Amino acid sequence: MALQELSPNAEIVHSQQALAVNCAAASGLSQVLASNLGPKGTLKLLVGGTLTQLKLTKDGLTLLKEMQIQHPTAALIARTATAQDEVTGDGTTSTVLVVGALLEQAQRQVAEGLHPRVLTKGYDLARDACLEYLKQIARPLPGMMVPEDKKEDDDDGDGPSVRTLEMTNLLTQVATTTLGTKLDPALVPTMASAVVQAIQTIWTGPREPMDLTRVEIMTLQQQQAKDSRFVQGLVLDHGNRHPDMPTSLKDVFILICNVSLEYEQTETQANFTYQTAEQREKLVESERTWLDERCRQIVKLKRDVCSGDNAHKQFCIVNQKGVDPLSLDMFAKEGILCLRRAKRRNMDRLVLATGGQIVLSLEDLAPEVLGEAGSVRVVSFEGADDDAKYTFVEDCPKAQSCTMLLHGPNKLTIHQIEDAVKDGLRTVKNALEDQSVVPGAGAVELALHQHLMTTTLKAAKGKHKVGIQAFANALLVIPKTLAANAGQDVQETLLQLLEESEEGQNIVGLDLDTGLPMSPSDAGVWDNVRVKRQSLYLATVLANQLLLVDEVMRAGKQMGNKGGPNPADPTAGME
């Protein structure tokens with residue numbers, strides 16, 4: 001009332017109505033994203049201002065970013081879920097669903113007279129219990145847990161290996177779980193294996209941060225999606241510029257340099273005067289001699305390293321600066337493949353992929369600065385332009401950078417695969433950094449529900465029990481949604497899961513094909529610990545904040561004044 005007396009144009013929604021508004025917004029957003037959850041989820045077609053602006057996706061982050069959300073509460077939930085993806089790379093849809101379920105449970109209790117503050121306290125107790133129990137049900141990765149008395153000895157070593165058969169199989173299952181929710185089932189095994197190989201390539205140890213920018217994601221609108229693959233090396237989006245240069249090399253030394261092999265203009269304006277044609281010829285000859293001498297130094301290095309026991313090896317140059325036609329011809333006669341004007345990002349990745357060093361001066365030429373690769377090929381795909389050449393630097397023995405080469409017949413398919421691969425890389429990275437995983441297929445939510453109902457609820461006292469019970473029931477929204485998207489009977493499926501969870505000691509999940517309980521560990525369905533942890537935390541915090549909102553007010557200013565918006569007002573013109 002006080003605000004309305006000060007501002008007659010203010011729009012205010014009080015107490016119960018405020019909660020109803022927030023719950024309706026959360027429920028509406030949950031219903032939009034619910035059908036996308038899990039491997040059986042459906043797709044959404046997003047249409048922009050024109051028919052050419054189309055995007056086909058089931059990724060929660062993409063939907064929340066691309067949709068035009070005008071409701072303030074829904075926009076707040078969307079921003080929170082987006083923060084979830086920025087931190088963990090996954091769990092966007094689950095966070096929105098849990099927030100909606102928590103508010104729906106709270107609305108029922110508040111309607112019966114329970115104060116929201118009591119509920120929020122119960123939610124906090126339930127969240128803390130869930131986070132503690134999550135540590136107990138997490139499965140450590142094989143060979144990753146280093147005992148305390150051996151940590152100091154491990155500092156000087158390479159740490160646990162991620163290339164063992166047991167580790168590779170588990171990481172592949174983790175990647176398959178994530179990719180299976182976003183890609184066609186026929187494409188999932190290939191891309192899951194590629195994602196694991198990429199992470200194994202850039203892995204440097206448990207104490208070193210993992211840099212996903214070392215994984216180059218190259219997209220080509222050629223061939224079919226099934227032709228996408230992992231390249232243990234680099235794919236450069238340019239090729240040779242001389243017709244006589246070799247296009248396929250084996251056992252290659254690679255010189256990575258940033259030196260000028262062409263005429264350069266002076267930084268300041270300069271003039272050269274000559275009086276006769278002979279003087280001009282001498283000037284041109286001196287310039288040419290300077291360039292030829294630089295090229296001969298590289299040719300000499302090639303002859304030195306490609307002799308004796310290495311006579312079968314070949315030579316390749318990747319230069320960030322230009323190379324003039326006569327220099328290219330000189331290299332072609334020596335059987336050297338030379339690539340010019342390489343991108344800076346490719347130069348940095350090439351150093352990591354081949355194990356070489358960037359040469360900034362020809363005085364630094366030495367065998368030690370050369371990188372190595374098993375093969376270098378220049379490929380021009382069918383249907384591409386004449387200039388659309390790609391150079392494949394593959395089979396690098398010292399590779400610490402790699403490429404995910406994604407094919408697709410159209411942009412919609414390529415974007416879908418690219419988004420899925422990025423999520424897959426983050427998922428496997430999270431698993432290695434957490435050094436553990438948790439069962440998927442709704443098993444975590446079922447286990448947390450059972451733990452809250454049987455342990456936490458009994459230990460709690462007073463009205464907070466209502467909040468704990470409401471939190472436990474809200475967690476069941478994940479298995480319910482998975483069952484609904486798979487075409488199963490939700491109530492029957494949920495009862496079977498709860499009965500199996502109560503009777504057995506093992507954690508059970510939902511088999512989406514049959515609707516029956518199954519063991520996620522036996523089926524190879526795994527989720528990230530940090531994704532579940534972050535989702536539980538963010539959903540609880542946001543739900544508590546929305547529950548404590550007793551008034552939603554738009555105490556706004558006149559936006560439609562005849563004189564136009566006030567230039568001194570930073571919110572002028574905003575709707």
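The values are calculated or read from the model by the stated rules, or taken from the named source; none is laboratory data. All figures in this text were calculated on a predicted structure; none of them were measured in a lab. Neighbour counts are summed over all protein chains in view; Cβ atoms, including those assigned to glycine, are modelled from backbone coordinates with ideal geometry. Quick note on the areas: whole protein, heavy atoms, side chains included, nothing else; ligands and nucleic acids left out. Shrake-Rupley method; radii C 1.70, N 1.55, O 1.52, S 1.80 Å.
Potential lengthening of the chain between E433 and A83 amounts to 124.1 nm, from the contour at 0.36 nm per residue minus the alpha-carbon distance. Angle, helix 165-179 long axis vs. longest principal axis of the chain, Cα atoms, 0 to 90°, nearest 10? Tilt relative to the chain: about 70 degrees. Placing unit charges on the Cβ atoms of the charged side chains and taking the dipole of the chain about its Cα centre, the candidate lying farthest along the positive direction among L131, M347, T52 is T52.
Measuring nothing but how far apart in sequence close Cα pairs (under 8 Å, 6+ apart) lie, relative to its length, the chain scores a relative contact order of 25 percent. Taking the 1.4 Å solvent-accessible surface of the chain as the whole, the part contributed by carbon and sulfur is 48%. Remark: the Cα gyration tensor places the stretch 46-87 in the oblate category, a/c being 1.5 or greater and a/b not exceeding b/c.
Scanning residues 5 or more positions from V359 or on other chains, those with amide H under 5 Å from its amide H are I256, C257, N258, with H placed 1.01 Å from N in the peptide plane. Measuring against 23 Å, Cα to Cα, the residue pairs K55/K532; K44/K65; K58/K480; K250/K429 contain K55/K532; K250/K429 as the ones spanning a longer distance. Bridge orientation summary for the chain: considering DSSP beta bridges with both residues in this region, about 65 percent are antiparallel. Dipole check for the stretch 415-524: with +1 at the C-beta of Lys and Arg, -1 at the C-beta of Asp and Glu, and the Cα centre as origin, the magnitude is about 760 Debye.
Remark on G408: its backbone amide H falls under 5 Å from those of L220, Q222, a criterion applied only to residues 5 or more positions apart or on other chains, H modelled at 1.01 Å from N. Ranked by the mean number of other Cβ atoms within 10 Å of their residues, highest first, the peptides 210-223, 30-43 come out as 30-43, 210-223.
Estimate the FRET efficiency between V369 and H312 by the formula 1/(1 + (r/R0)^6), using the beta-carbon distance for r and 22 Å for R0, to the nearest 0.05. The formula returns an efficiency of 0.55 here. Projecting the Cα positions of Q469, A443, Q221 onto the charge dipole of the chain (unit charges on Cβ atoms of Lys, Arg, Asp and Glu, taken about the Cα centre) puts Q469 furthest along the positive direction. Does anyone have the angle between helix 490-503 and the longest principal axis of the chain? Alpha-carbon axes, 0 to 90°, nearest 10? The angle comes out near 90 degrees.
The structure shown yields Rg/Rh (Cα atoms, Kirkwood Rh), and of the options [x] 1.10; [y] 1.07; [z] 1.04 that calculated value carries the label [x]. Counting only alpha carbon atoms, the long axis of helix 15-34 and the longest principal axis of the chain meet at about 50°. Please label the shape of the stretch 383-445 as rounded, prolate or oblate, based on the square roots a ≥ b ≥ c of the eigenvalues of the alpha-carbon gyration tensor (a/c under 1.5 means rounded; beyond that, a/b larger than b/c means prolate, else oblate). Oblate, since a/c reaches 1.5 and b/c is not below a/b.
If you sort the three axes of the alpha carbon gyration tensor as a ≥ b ≥ c, you get a/c of 1.5 or more for the stretch 306-345 and a/b no higher than b/c, which makes it oblate.
Shape summary of the stretch 17-92, radius of gyration then Dmax from alpha carbon positions: 13.2, 42 Å. Taken about its Cα centre, the chain carries a charge dipole of roughly 1120 debye when the Cβ of each Lys and Arg holds +1 and the Cβ of each Asp and Glu holds -1.
For the chain, the solvent-accessible area works out to 51 Å² per residue, with a probe of 1.4 Å and every protein chain left in place. Rank L76, S161, L183 by how far each Cα sits towards the positive end of the charge dipole of the chain (+1 on Lys, Arg Cβ; -1 on Asp, Glu Cβ) and give me just the farthest. Towards the positive end, the residue furthest out is L76. Computed extension length for D324-M67: 87.5 nm, one decimal, from 0.36 nm per residue of separation with the Cα-Cα distance subtracted.
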